[in-house]
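The values are calculated or read from the model by the stated rules, or taken from the named source; none is laboratory data. Source: prediction; values computed, not measured. Cβ atoms come from the backbone with ideal geometry, glycine included; neighbour counts cover every protein chain shown. The protein model used for the area step is the full one, side chains on, heavy atoms only, and it has no ligands, DNA or RNA in it. Shrake-Rupley method; radii C 1.70, N 1.55, O 1.52, S 1.80 Å.
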Amino acid sequence: MTDIILDCDPGHEDFFGLMLALANTDKVNIKAISTTVAYQTVENVQRNAMKALTLLGRTDIPVAHGAAKPLVEPFGLADNWREFTGLDGADFPEPGFAPSELSGIELMAKTLREADAPMVIAVSGPVTNVALLLAAHPELHDKIEKIVLMGGAINTGNRYPGVEYNFSIDPEAAKIVVNSGVPVVMITRDLTEQGVITAETVAKMRAVDNPVAQFAADLMDHYGDYSGTAPVVLNDPEVIAYLIDPTMFSGVDYYVDVETQGQLTRGHLVVDQHHMTAKQPNATLMTTLDNDKFIDLILSSLTAY
């Protein structure tokens, strides 16, 4: 079993990550959750995490909100942010517990400090909180076994050409994390585009006879258009899936860095695929996913509730 700190920005996609983790506690043990902004305000993403934990029956896990903005540039909410909560499509219960009195960074530091062995930090949103943790607490780097994050892209992008969304929100934070010396496993956008959910998959969710599965199906009905030509993909739960069963993934060790100055490429993950820098790899980039195993994990995990 792997003890983890989860840094996330719930989110339909993060609901599935939480669901996977809490259905597979023999493999993954969430000790604390910090939240950060991406699509919603810092207050709302914290509330979303607490709503999800209330539904999933784990109100014992402390939840703290972290950074309200990226390290350098101001955070710009989408124009229609008031029209959605991040968990639209299902009527989640109100949080059944109080948030942590600590900040996200303080909660992560406390959890690492009290751990008997190095822990994994799993990140499914912008990495601002983790960058702040690494900068503020160098004495805790040895307490981090590795950082498993969803971010970056080699040959694709979903915010700008060649730029993945999470890295685009806070490129400076991403640069700090990949250059920190702490082992990094990166779930790239190249991989998450392979995490395809079909209408058939949603129907199988709906066929599982428990409330959590019905919530999951409701969320996916709202989340995707299954009649179009563009596939519906889940980008965040692969972080937890990797920690549960890394055999469904494959990847390559590369030296990487993050562009922070480019007018057109800010947030771009620079990958030394051809060993042009002569620098040693500093990250393992997961690039391929066995989607059948991924879907099977989602469906089997839903039956656990």
inquiry  = I'm checking a number: the convex hull volume of the Cα atoms of the range 186-305, normalised per residue, in Å³. What is it?
reply    = 137
remark   = Counting only residues 5 or more apart in sequence or on a different chain, those whose built amide H sits under 5 Å from that of Val123 are Asp7, Val148, Leu149, Met150
query = So how do 141-151, 258-268, 209-219, 93-103 stack up, highest first, on mean other-Cβ count within 10 Å?
reply = 141-151, 209-219, 258-268, 93-103
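Roughly how many Å² is the accessible area per residue of the chain, as a whole number, for a 1.4 Å probe?
Details: 12800 Å² over 305 residues.
Computed with neighbouring chains in place, this is 42 Å² per residue.
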remark   = Of the listed pairs Lys204/Lys293; Lys31/Lys143; Lys31/Lys175, those with alpha carbons more than 18 Å apart are Lys31/Lys175
request  = Can you tell me the order of 273-284, 116-127 when each peptide is scored by its average per-residue count of other Cβ atoms within 10 angstrom, highest first?
outcome  = 116-127, 273-284
query = If Lys and Arg each add +1 and Asp and Glu each add -1, what is the summed charge of the other residues whose beta carbon sits under 14 Å from the beta carbon of Pro10?
reply = -4
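Given only helices, namely DSSP H runs of n ≥ 4 each adding -39500 (n - 2.57), what is the per-residue ellipticity at 222 nm of the chain, to the nearest 500 deg cm²/dmol? Please list the in-between numbers first.
Numbers: 11 runs with 105 residues, N = 305.
The helix-only estimate for the chain comes to -10000 deg cm²/dmol at 222 nm.
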note = Heavy-atom accessible area of Asp3, protein chains in place, probe 1.4 angstrom, given in Å² to nearest 10, is 60
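Among DSSP bridges having both ends in the chain, what percentage is antiparallel? Round to the nearest 5.
Details: 12 of 38 bridges.
So the antiparallel bridges amount to about 30 percent of the total.
Taking Cα atoms of the range 74-209, Rg/Rh with Kirkwood Rh, to two decimals? The partial results should precede the final answer.
Values: Rg = 17.8 Å, Rh = 17.6 Å.
For the range 74-209, the value is 1.01.
What ranking do 288-300, 232-244 get when scored by the average of other Cβ atoms within 10 Å per residue, highest first?
Per-residue mean Cβ counts within 10 Å order the peptides as 232-244, 288-300.
Computing the accessible area with a 1.4 Å probe over protein heavy atoms, can you report the carbon and sulfur percentage for the chain?
On the way: 6440 of 12800 Å².
That share works out to 50 percent.
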remark   = Note to self: C-alpha centroids of the range 22-39 and the range 291-305 sit apart, in Å, by 17
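If you average over every viewing direction, what projected area does the convex hull of the Cα atoms of the chain give, in nm²? Spell out each step's value before the answer.
Numbers: hull surface 60.5 nm².
Mean orientational projected area (the chain, Cα hull): 15.1 nm².
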